[in-house]
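S.K.: Structure below; questions to follow.
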Amino acid sequence: MSAISLLEPILNDSQPAVNFFNGRLLAAEDLTEERRAGRAKLSGYGRAFGTGVAYGLEIALPPTSITNVTATQPVNANTARIAQTGTSAPQLTVTPGLALNRKGELLQLNQPITLSLVPPAQPLAPPTGQALFSECLPFQAGVYVTGQGLYVLGIAPAEGRRGRAPVSSLSARSADCNVDQLLEGVQFKLHQLLDVTASELNDAPRLRNLVAAKCFGFGTNFFAASPFEPQDNRYGFETLALSPALTECEVPLAVLHWTQNRIAFVDQWAVRRRVLRPAHSREGRLLSDRRVGEGEARLWQFTEELETLRGAGTTPEAIRANQHFHFLPPAGVLPLTGRGRGFNAQVFFSGQVAAQPLIIEGARLEHLLRLSFAYPPIALGSGELIRLYQVRENRQAGGVAPYLAFAGGDLPFFGAARFDVSRWDFSNYTALNETL
């Protein structure tokens, strides 16, 4: 390969733009190529921003969902046959939102929808003419399975046609491609998660936390042993076996557990991430935006699971952490009993090495949580020290719900009293020779 000289143009001919000038004869193919060139430039902007969910696209079970549906056998997506034992398929609600896939394409849902988890019984007609998302087709290839198991819900681009445009033709009949408008949209697909053993599936109370741990890659030695050697940046969710495999056109939104009679849980943050900028070659896993984004997701995943545990029909004050969790985030906030439904800290952390609660100023709480994104999770039963903190403003205020912050032993100590900052009657007293 010959060397390139300074100032010598290096042209990108992968998607050339049509040159328009007066007198040029235009065909439909020219305008189609121009539209493709514009989309290629927009997807370049999208890849520069990164991939993930920008906002919205929140997944939840509807309040009155009917979930008595099972599948007797794997079915092909084009000829779906589902044995329904209930009156309706399991359903999820999806809020409007926007996501970016790995190809830089915008996936936008403009209105809230109720999504049925069973594919249509009749084959979907493929789009005619030039497809905007042809690189991702055929999206429904492979065997589509629904029924009992763990699934990842993904969102991907879709295309539709609307109306007919008037044509000028030498033929007496209308042209086959005289579609008036091309519409961009989205579609949803389930991917069965295969990397879960039968014994893990039988541990129903801790299954949700276990699946999240697999998706986050807990237990992976990221960089500590040898931070300067080349690393494989694929870990966690990227290494899990899915059927069918997740494509570059899709963005994962949630993990759901489909049992024989119902959808047991929907966990968004196990796989959902905010838009994460791409890492450059030297970042690896050590300082990438992905590490921060996954730290945020770990905290929100734990918070969302806590909200489920203290929902109606449970007794949260009797719940122990090791009953429902293999791992806790490196730092988090636990709502306590006293005003509304909450947890008992002594019961929740029973069986763990937990220190007595200390008091910190509210100004330090956000720093504690943000700092935790760079630390590993707390493995319950490992003997790791768990520090507990009460926030001064929360204790001092009357009529508000109490809470407790916790942090793993790897994080710096936040409980030292600070002169002219801590309150005399809401503080911890330290020895004179202790470094503050």
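The values are calculated or read from the model by the stated rules, or taken from the named source; none is laboratory data. These figures come from a predicted structure and were not determined experimentally. Here Cβ is always computed from backbone atoms with ideal geometry, including for glycine, and neighbour counts include all displayed protein chains. Just the protein is used for accessible areas: all its heavy atoms, side chains included, with ligands, DNA and RNA removed. Shrake-Rupley method; radii C 1.70, N 1.55, O 1.52, S 1.80 Å.
S.K.: Within the range 115-122, does at least one residue satisfy the condition of being in a loop (DSSP other than H, G, I, E, B), modelled with pLDDT of 85 or more and closer than 27 Å to residue 238 by Cα?
M.R.: Within the range 115-122, one or more residues are in a loop (DSSP other than H, G, I, E, B), modelled with pLDDT of 85 or more and closer than 27 Å to residue 238 by Cα.
S.K.: When you look at residue 57, is it in contact (Cβ under 8 Å) with a residue 60 or more places away in the chain and either touching a Leu at 6+ places or on another chain (Cβ under 9 Å) or loosely packed, with under 10 Cβ neighbours inside 10 Å (or both), yes or no?
M.R.: So residue 57 passes the test.
S.K.: List pairs: first in the range 259-273 and touching a residue at least 12 places away in the same chain (Cβ under 8 Å), second assigned to a loop (DSSP other than H, G, I, E, B) and buried (at least 21 other Cβ atoms within 10 Å of the Cβ), Cβ under 7 Å, 6+ apart or cross-chain?
M.R.: The qualifying pairs are 263/90.
S.K.: Next question, about the same structure. Name the residue, out of 279, 270, 318, that is closer than 30 Å to residue 108 by Cα, open to solvent by 50 Å² or more (accessible area, probe 1.4 Å) and small (Gly, Ala, Ser).
M.R.: None of the others qualify; the one that does is 279.
Listed here are the residues, each with its yes/no results for (1) over 23 Å from residue 411 (Cα atoms); (2) in a helix (DSSP H, G or I).
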| position | (1), (2) |
| --- | --- |
| 302 | no, yes |
| 306 | no, yes |
| 314 | yes, no |
| 323 | yes, yes |
| 341 | yes, no |
| 351 | no, no |
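S.K.: Kindly provide the set of residues from the range 1-31 that are under 23 Å from residue 177 (Cα atoms), open to solvent by less than 100 Å² (accessible area, probe 1.4 Å), aliphatic (A, V, I, L, M) and over 38 Å from the mean Cα position of the chain (by Cα), ordered by number.
M.R.: Passing the criteria: 18, 26, 27, 28.
S.K.: Would you confirm, using the coordinates I've provided, whether residue 205 is of a type outside the set (Asp, Glu), part of a helix (DSSP H, G or I), modelled with pLDDT under 95 and surrounded by fewer than 16 Cβ atoms within 10 Å (Cβ to Cβ)?
M.R.: yes
S.K.: Ok, one more. Considering 365, 385, which residue is over 30 Å from residue 280 (Cα atoms), touching a strand residue (DSSP E or B) at 6+ places or on another chain (Cβ under 9 Å) and buried (at least 17 other Cβ atoms within 10 Å of the Cβ)?
M.R.: After ruling out the rest, the residue left standing is 365.
S.K.: Please work out which residue is modelled with the lowest pLDDT, limiting yourself to the range 305-315 and to residues that are of a type outside the set (Val, Ile, Thr) and surrounded by fewer than 17 Cβ atoms within 10 Å (Cβ to Cβ).
M.R.: Per the stated criteria, the residue is 312.
S.K.: Please count how many residues of the range 325-339 are farther than 15 Å from residue 410 by Cα, part of a strand (DSSP E or B) and open to solvent by less than 10 Å² (accessible area, probe 1.4 Å).
M.R.: Residues that pass the stated criteria total 1.
S.K.: Next question. Taking the stated definitions as given, is residue 147 touching a strand residue (DSSP E or B) at 6+ places or on another chain (Cβ under 7 Å), within 21 Å of residue 243 (Cβ to Cβ), part of a loop (DSSP other than H, G, I, E, B) and at pLDDT 55 or above?
M.R.: yes
S.K.: Of the residues that sit in the range 393-403 and are in contact with a strand residue (DSSP E or B) (Cβ under 7 Å, 6 or more places away or on another chain) and at pLDDT 90 or above, which one is farthest from residue 334 (Cα to Cα)?
M.R.: Residue satisfying both the conditions and the ranking: 394.
S.K.: Then there is this: Do we find that residue 376 is at pLDDT below 95, over 22 Å from residue 319 (Cα atoms), open to solvent by 30 Å² or more (accessible area, probe 1.4 Å) and in contact with a strand residue (DSSP E or B) (Cβ under 8 Å, 6 or more places away or on another chain) in this structure?
M.R.: Taking the combined requirement at face value, the residue satisfies it.
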